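Comments concern the structure below.
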Amino acid sequence: MRSFVVFAAMGPDRPGLAREIAEFFTARGINIERFRGCVLGGEFGMIILTSGKTEDINRLMEDLNDLRARTNLEIYIRKTKAPSHREMKPSIPYRLTATALDRPGIIHQICRILHDKGINIDDISTNVDHNFLTGAAVFQMTCFFSLPPGVKVADLKRDLTQVGDEFNIDIRFDAVTI
């Protein structure tokens, strides 16, 4: 039987960390289904969806203390279901982008609108870059979500436009076509 585990880790950044984690999984017959990682300050954080035979997953879980000791990572794991078994209602996938001068509350304002409409966020990433011409800290967000059939696109546009106007955030979203 095939099992799935979400693996999350964080610790001091250094060269070779991603290779070491991948090697740890490979040596135990574990497949990496999806891997996200990035440097945040001086820390490297990652979240990984893995799969393997149930006995291999159990061995992985038993060997985590060895990995913790070798890598100096804080590691958390959680068994999960196969992505294909995730319950999803019919919906349309969308991509939202937002850009603004950085300040606290931007993510909160956008996520509040999505939550109030019952919209589930599938993927979100943000970054603050310093514009080389002006020196301004510029916030950027990309968010993928699933729009349920009961939510009118016009209502969502209106609410996001209102937040964008009130907080001076350039918010755009479009259906994702395959």
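The values are calculated or read from the model by the stated rules, or taken from the named source; none is laboratory data. As the structure is a prediction and not an experimental result, all values here were calculated from the model. Counting neighbours? That spans all protein chains shown, and the Cβs are built from the backbone with ideal geometry, glycine included.
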| request: Working only within the stretch 13-38, note down all residues that are at positive phi and out of contact with any helix residue (DSSP H, G or I) (no Cβ under 9 Å at 6 or more places or on another chain). | output: Gly16
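Output the residue which, of all residues in the stretch 98-126 that are acidic (Asp, Glu) and outside any loop (DSSP other than H, G, I, E, B), is nearest to the chain's Cα centre (by Cα).
Step by step, filter the stretch 98-126, then rank; the result is Asp123.
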| message | Just the residues that are over 21 Å from Thr80 (Cα atoms) and crowded, with 17+ Cβ neighbours inside 10 Å, please, taken from the stretch 42-66. | response | Phe44
| query | Does any residue in the stretch 99-120 that is within 14 Å of Pro148 (Cα to Cα) come within less than 9 Å, Cβ to Cβ, of a residue that is part of a loop (DSSP other than H, G, I, E, B) and of a type in the set (S, T, N, Q) six or more places away or on a different chain, and which pairs are these? | reply | Ile119/Ser91; Asn120/Ser91
| message | I'd like the full set of residues that are outside any strand (DSSP E or B) and polar (S, T, N, Q), limited to the stretch 39-69. | response | Thr54, Asn58, Asn65
| said: Residues that are modelled with pLDDT of 95 or more, surrounded by 14 or more Cβ atoms within 10 Å (Cβ to Cβ) and touching an Asp or Glu at 6+ places or on another chain (Cβ under 7 Å): does the stretch 76-97 have at least one? | reply: yes
| query | Going through the stretch 1-17 one residue at a time, which ones are out of contact with any Phe, Trp or Tyr (no Cβ under 8 Å at 6 or more places or on another chain) and either surrounded by 14 or more Cβ atoms within 10 Å (Cβ to Cβ) or under 23 Å from Val128 (Cβ atoms) (or both)? | reply | Ser3, Phe4, Val5, Val6
| query | If you scan the stretch 132-166, which residues turn out to be assigned to a strand (DSSP E or B) and without any contact (Cβ under 8 Å) to a residue 40 or more places away in the chain? | reply | Ala137, Val138
| Regarding Leu114, is this residue touching a Cys at 6+ places or on another chain (Cβ under 7 Å) and at pLDDT 95 or above? | no
| remark: When restricted to Arg36, Arg95, the only residue touching a residue at least 24 places away in the same chain (Cβ under 8 Å), of a type in the set (Lys, Arg) and not in a helix (DSSP H, G or I) is Arg95
| message | Suppose we filter Asn127, Asn131 for residues that are closer than 15 Å to Gly105 by Cα, polar (S, T, N, Q), out of contact with any Cys (no Cβ under 8 Å at 6 or more places or on another chain) and assigned by TED's automatic domain parsing to the domain that holds Ala100; which single one remains? | response | Asn127
| request: State whether one or more residues within the stretch 143-158 are at pLDDT 95 or above, among the small types (Gly, Ala, Ser) and either surrounded by fewer than 12 Cβ atoms within 10 Å (Cβ to Cβ) or under 26 Å from Ile47 (Cα atoms) (or both). | output: yes
| note | Taking first residues from the stretch 59-87 that are on the phi < 0 side of the Ramachandran plot and second residues anywhere that are acidic (Asp, Glu) and assigned to a helix (DSSP H, G or I), the pairs with Cβ under 9 Å that are 6 or more apart or on different chains are Leu67/Glu20; Arg70/Glu20; Thr71/Glu20
| note | Here the residues within the stretch 18-41 that are under 17 Å from the mean Cα position of the chain (by Cα), surrounded by 14 or more Cβ atoms within 10 Å (Cβ to Cβ) and farther than 20 Å from Lys81 by Cα are Gly37
